[in-house]
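Just below is one structure, and these are the notes that go with it.
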Amino acid sequence: MNDEDVIKSIVSWFFDKINTPIIEQLYIHDLQNWDALCASLTLLNDLQRAKAEYYLIKKVNHLEAIGIMQTAYIEQDCMLTLKNAIFETKEPASLINHKSIRGLRNEVFGHPSAKGKSGMLSRHFFDIEDEKKQLLKIINWENTGNISSAHFSLPDQIRTNSRITATYLQEFKDSFINRIKNQMLSYNIKLKQPIYLIIQAIFSKNCYQRKTTKSLLMVTNIR
């Protein structure tokens, strides 16, 4: 299974879990956060289609190079949004393991950037050194007159980004499972308890009466 398939599999798993009525209730009270959770998962899933089409390209042009790097950039934004939504946090910065590829995207396709404290600006351009191998050349022109260049493999960057995303998603999944289990413990729910005690514990936490016994047992067995 490649990293894109892993991403889609975990995204599907998250959708199954958050659509379980009792888990949905833990999040839907904050509609803005719920929207962010659903939107980030939906977009993450859709972005894998863009990457699948990219991998079919035999040679790349400038527009395709920009498009696939932007796909990786959006994926990184989705991951930050997803993390904040799942764990109900407000972290503003991109995830640390994405930073090198994010920086490369900004350097190659971004706006003029400041260098150090001197206020010096540089402007970045790129060219395709080898369209079949998808080897790109970065040209860095500074307002001091200095020009430098470097190369990178476009498919290597995209695959690395997918691998990082898949790893993060697995970490999110594991932490999510622990979070839900701990939440259920706060309701004093145990599989060996009589069903009426389980229902009473849930209702005491203002959960909706439409929760089914099946849903409750599914949550306590989440994996």
Of the residues that sit in segment 47-72 and are farther than 19 Å from residue 168 by Cβ and charged (D, E, K, R), which one is least open to solvent (accessible area, probe 1.4 Å)? 64
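Identify all residues within segment 8-60 that are outside any loop (DSSP other than H, G, I, E, B), of a type in the set (Val, Ile, Thr), out of contact with any Lys or Arg (no Cβ under 9 Å at 6 or more places or on another chain) and closer than 20 Å to residue 160 by Cβ; write none if there are none. Quick ask: steps written out before the conclusion?
Restricting attention to segment 8-60, the residues satisfying the condition of being outside any loop (DSSP other than H, G, I, E, B) are 8-18, 21-28, 31-55.
Then keep just the ones that are of a type in the set (Val, Ile, Thr); that gives 10-11, 18, 22-23, 28, 42.
Then keep just the ones that are out of contact with any Lys or Arg (no Cβ under 9 Å at 6 or more places or on another chain); that gives 11, 18, 28, 42.
Selection gives 11 alone.
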I'm trying to understand the selection: among the residues of segment 77-98, which are among the charged types (D, E, K, R) and farther than 20 Å from residue 27 by Cα? 77
Pairs where the first residue, in segment 126-152, is closer than 20 Å to residue 103 by Cβ and of a type in the set (Ser, Thr, Tyr) and the second is assigned to a strand (DSSP E or B) and at pLDDT 80 or above, C-beta under 7 Å, 6+ apart: 149/137; 149/138; 149/139
Modelled with pLDDT of 90 or more and touching a Phe, Trp or Tyr at 6+ places or on another chain (Cβ under 6 Å): which single residue out of 96, 101, 74, 68 fits that description? 68
Within segment 171-184, track down each residue that is within 20 Å of residue 79 (Cα to Cα), of a type outside the set (A, V, I, L, M) and either at pLDDT below 90 or surrounded by 13 or more Cβ atoms within 10 Å (Cβ to Cβ) (or both). 172, 173, 175, 176, 179
Out of the residues in segment 145-170 meeting the condition of being in contact with a helix residue (DSSP H, G or I) (Cβ under 9 Å, 6 or more places away or on another chain) and open to solvent by 50 Å² or more (accessible area, probe 1.4 Å), tell me which one is nearest to residue 3 (Cα to Cα). 163
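Anything in segment 73-88 that is farther than 28 Å from residue 151 by Cβ and either open to solvent by less than 50 Å² (accessible area, probe 1.4 Å) or part of a helix (DSSP H, G or I) (or both)? List them, or say none.
Keep residues of segment 73-88 that are farther than 28 Å from residue 151 by Cβ, which gives 78, 80-88.
Within segment 73-88, 78, 80, 81, 82, 83, 84, 85, 86, 87 meet the criteria.
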Take segment 13-54 and flag every residue that is within 20 Å of residue 89 (Cβ to Cβ) and among the charged types (D, E, K, R). 17, 24, 30, 35
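The values are calculated or read from the model by the stated rules, or taken from the named source; none is laboratory data. Bear in mind the structure is a predicted one, so any value in this text is a computation, not a measurement. Using ideal geometry, Cβ is built from the backbone for each residue, glycine included, and neighbour counts are taken over all protein chains shown. What goes into the accessible areas is simple: the full protein's heavy atoms, side chains included, and nothing from ligands, DNA or RNA. Shrake-Rupley method; radii C 1.70, N 1.55, O 1.52, S 1.80 Å.
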